[in-house]
Amino acid sequence: MNTSAHPALRAVSVNPNTLLTAAEAAKLLRISMSHLRRIRLDGHGPRCIWLSKRKPVYRAIDIQVWIAERARAHRFTTPRA
């Protein structure tokens, strides 16, 4: 696995092991909190860790891996100009 930080993580100086709240993760991904919640509930979002029944957090590295997986999965479906 490539451990170099994804540009989105480098741009905000986030350590890959940093725990991000749902609000911070949504902001980093540039999506709404409701969309992050929906993809988490559908099982399509980045891996989260539950600190309690109501407190999901996201490791920055898990967001990076999720972005990379999505980029690979959609590599061949991107419309060409």
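The values are calculated or read from the model by the stated rules, or taken from the named source; none is laboratory data. From a predicted model like this one, the values you see are computed outputs, not experimental measurements. Heads up: the accessible areas ignore ligands, DNA and RNA and are worked out on the full protein's heavy atoms, side chains in. Shrake-Rupley method; radii C 1.70, N 1.55, O 1.52, S 1.80 Å.
General observations
- Residue ranges of helices (runs of 4 or more DSSP H) in the chain with at least 1 members modelled with pLDDT under 95: 7-11, 22-29, 60-73
- Candidates are the residues of segment 38-52 that are open to solvent by 100 Å² or more (accessible area, probe 1.4 Å) and within 18 Å of Val65 (Cα to Cα); the one that is farthest from the chain's Cα centre (by Cα) is His44.
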